[in-house]
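**Student:** Next up is a structure, given as structure tokens.
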Amino acid sequence: MRSIRAEDYQDVPRAVAVMPKHYAAGSRIAPHSHPRAQLLYATAGLMMATAEEGTWVVPEGHALWIPPRLTHAVAMHGAVAMCSAYLSVEAVRGFPTRARVIEVSALLAASLAALGAEPVLYDETDRGGHLAALVLDEIQRAPETKLTLPLPSDPRLRRVCLGLIEAPATTFDLDAWADRSGLSRRTLTRRFRRETGLTFGQWRARARVVRALALAADGWTPRQVAASVGYRSIQALRERTKGLLPMQTSDVRTLRSISFVDPRGRVESEAEPLLTVQETKPAAYP
């Protein structure tokens, strides 16, 4: 039987070692790292990964590229089926040095599934070796998504970001956050973009969508999801989500699986009253 222990795949004398695994809803994996690089592919459900440099949401049909030895934690939203591919350091020279969420093509998905059916010590000159080479090539070619929340190194900006993650529905505007961080509006704006690559508004909108996807995967109703992340309109949240998930094949599947349809199968009407968005105040900074 194939092992479901990550440590059993770190010294395998093959470029790619594949491990399928299932997790119950609400499961968490404590901070850890691997000597090898990892492709964390969500075949079902949604995962949220966190590290010092950022937060990533990994819906069905997507995967998180994790460089070697990057310490990270993972939380499961809904029941999750994943496929981890552990890649040798030698095989990933020239690959990205930062974590990122990628779209998983049909070819990459099929290659991972097929390689998972091969022996762990597959014949490198035969089918297994060809599949491993295809997996590596497809990972390099895969387009990056916007499902990343980069965290700045400046502790003042970092506290702002953590406050937004903690309370995405807060109505504090840019001036309020600048005042709380002890920075001028201009300085906060300039440093925020320099350190994250995003404007304050773009980062905040992305944080709300990331939280919304996680809550939807946890089974919250559309109105609850929209209200909890600061949207009074379900349609507005849906459109914002589509803006982060371009309408490729895998993204259509993702939106259909968690796209704010209530558990009874009825799309909620925009005419129905939404939950009131409560004024949520982040905890005061120490």
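**Student:** Return yes when residue 154 is open to solvent by 60 Å² or more (accessible area, probe 1.4 Å), of a type in the set (Asp, Glu) and either within 28 Å of residue 102 (Cβ to Cβ) or out of contact with any strand residue (DSSP E or B) (no Cβ under 6 Å at 6 or more places or on another chain) (or both) and no when it is not. Working first, answer last.
**Tutor:** Working: open to solvent by 60 Å² or more (accessible area, probe 1.4 Å): no; of a type in the set (Asp, Glu): yes; either within 28 Å of residue 102 (Cβ to Cβ) or out of contact with any strand residue (DSSP E or B) (no Cβ under 6 Å at 6 or more places or on another chain) (or both): yes.
Answer is no for this residue.
**Student:** I've got another one for you. Quick test for you: out of 240, 232, 208, 194, pick the one residue that is part of a helix (DSSP H, G or I), at pLDDT below 90 and open to solvent by 30 Å² or more (accessible area, probe 1.4 Å).
**Tutor:** Numbers: 232 fails: part of a helix (DSSP H, G or I); 208 fails: at pLDDT below 90; 194 fails: at pLDDT below 90.
The conditions single out 240.
**Student:** Checking the conditions here, which among 62, 34 is touching a strand residue (DSSP E or B) at 6+ places or on another chain (Cβ under 7 Å) and closer than 25 Å to residue 218 by Cα?
**Tutor:** 62
**Student:** Which one of the conditions (1) out of contact with any strand residue (DSSP E or B) (no Cβ under 6 Å at 6 or more places or on another chain); (2) exposed (fewer than 14 other Cβ atoms within 10 Å of the Cβ) does residue 12 fail to meet, given that it meets all the rest?
**Tutor:** Going through the list (1) out of contact with any strand residue (DSSP E or B) (no Cβ under 6 Å at 6 or more places or on another chain); (2) exposed (fewer than 14 other Cβ atoms within 10 Å of the Cβ), residue 12 breaks only (2).
**Student:** Can you tell me which condition residue 58 does not meet? The list is (1) in contact (Cβ under 8 Å) with a residue 60 or more places away in the chain; (2) surrounded by 14 or more Cβ atoms within 10 Å (Cβ to Cβ); (3) farther than 27 Å from residue 166 by Cα, and all the others hold.
**Tutor:** Condition (3) is where residue 58 drops out.
**Student:** Can you pull out the residues in segment 1-44 that are farther than 21 Å from residue 142 by Cβ, in contact (Cβ under 8 Å) with a residue 40 or more places away in the chain, aliphatic (A, V, I, L, M) and assigned to a loop (DSSP other than H, G, I, E, B)?
**Tutor:** Scanning segment 1-44 gives 12, 24, 25.
**Student:** A further question follows. In segment 27-76, what residues are of a type in the set (D, E, K, R) and out of contact with any helix residue (DSSP H, G or I) (no Cβ under 6 Å at 6 or more places or on another chain)? Quick ask: steps written out before the conclusion?
**Tutor:** Initial filter on segment 27-76 (of a type in the set (D, E, K, R)): 28, 36, 52-53, 60, 69.
The answer is 28, 36, 52, 53, 69.
**Student:** Any idea how many residues of segment 144-157 are farther than 23 Å from residue 65 by Cα and among the basic types (Lys, Arg)? Even if it seems obvious, please write down each step before you answer.
**Tutor:** In the first step, residues of segment 144-157 are kept if they are farther than 23 Å from residue 65 by Cα; the result is 154-157.
From the residues that got through so far, the ones that are among the basic types (Lys, Arg) too are 156.
The number of residues fulfilling the criteria is 1.
**Student:** So which of 110, 114, 106, 79 ends up being in contact with a helix residue (DSSP H, G or I) (Cβ under 8 Å, 6 or more places away or on another chain), open to solvent by 40 Å² or more (accessible area, probe 1.4 Å) and among the small types (Gly, Ala, Ser)?
**Tutor:** Values: 110 fails: in contact with a helix residue (DSSP H, G or I) (Cβ under 8 Å, 6 or more places away or on another chain); 114 fails: open to solvent by 40 Å² or more (accessible area, probe 1.4 Å); 79 fails: in contact with a helix residue (DSSP H, G or I) (Cβ under 8 Å, 6 or more places away or on another chain).
Exactly one of 110, 114, 106, 79 is in contact with a helix residue (DSSP H, G or I) (Cβ under 8 Å, 6 or more places away or on another chain), open to solvent by 40 Å² or more (accessible area, probe 1.4 Å) and among the small types (Gly, Ala, Ser), namely 106.
**Student:** Against the condition under 30 Å from residue 154 (Cα atoms), surrounded by 14 or more Cβ atoms within 10 Å (Cβ to Cβ) and out of contact with any strand residue (DSSP E or B) (no Cβ under 6 Å at 6 or more places or on another chain), how does residue 72 come out, does it pass?
**Tutor:** Values: under 30 Å from residue 154 (Cα atoms): yes; surrounded by 14 or more Cβ atoms within 10 Å (Cβ to Cβ): yes; out of contact with any strand residue (DSSP E or B) (no Cβ under 6 Å at 6 or more places or on another chain): no.
Considered against the rule, which asks whether it is under 30 Å from residue 154 (Cα atoms), surrounded by 14 or more Cβ atoms within 10 Å (Cβ to Cβ) and out of contact with any strand residue (DSSP E or B) (no Cβ under 6 Å at 6 or more places or on another chain), residue 72 comes out as no.
**Student:** Further question: Which of the residues belonging to segment 37-55 are aliphatic (A, V, I, L, M) and open to solvent by less than 20 Å² (accessible area, probe 1.4 Å)? Spell out the reasoning first.
**Tutor:** Within segment 37-55, the subset aliphatic (A, V, I, L, M) is 37, 39-40, 42, 44, 46-49, 51.
The answer is 37, 39, 40, 42, 46, 47, 49, 51.
**Student:** Is there any pair with a first residue in segment 171-196 that is under 23 Å from residue 148 (Cβ atoms) and polar (S, T, N, Q) and a second that is open to solvent by 60 Å² or more (accessible area, probe 1.4 Å) and in a helix (DSSP H, G or I) whose Cβ atoms are under 9 Å apart and which are 6 or more apart or on different chains, and what are they?
**Tutor:** 181/156; 181/159; 196/202
The values are calculated or read from the model by the stated rules, or taken from the named source; none is laboratory data. Because the structure is a prediction, the values reported are computed rather than measured. Glycine also receives a Cβ, built like all others from the backbone with ideal geometry; neighbour counts cover every protein chain displayed. Only protein heavy atoms, including side chains, enter the accessible area calculation; ligands, DNA and RNA are left aside. Shrake-Rupley method; radii C 1.70, N 1.55, O 1.52, S 1.80 Å.
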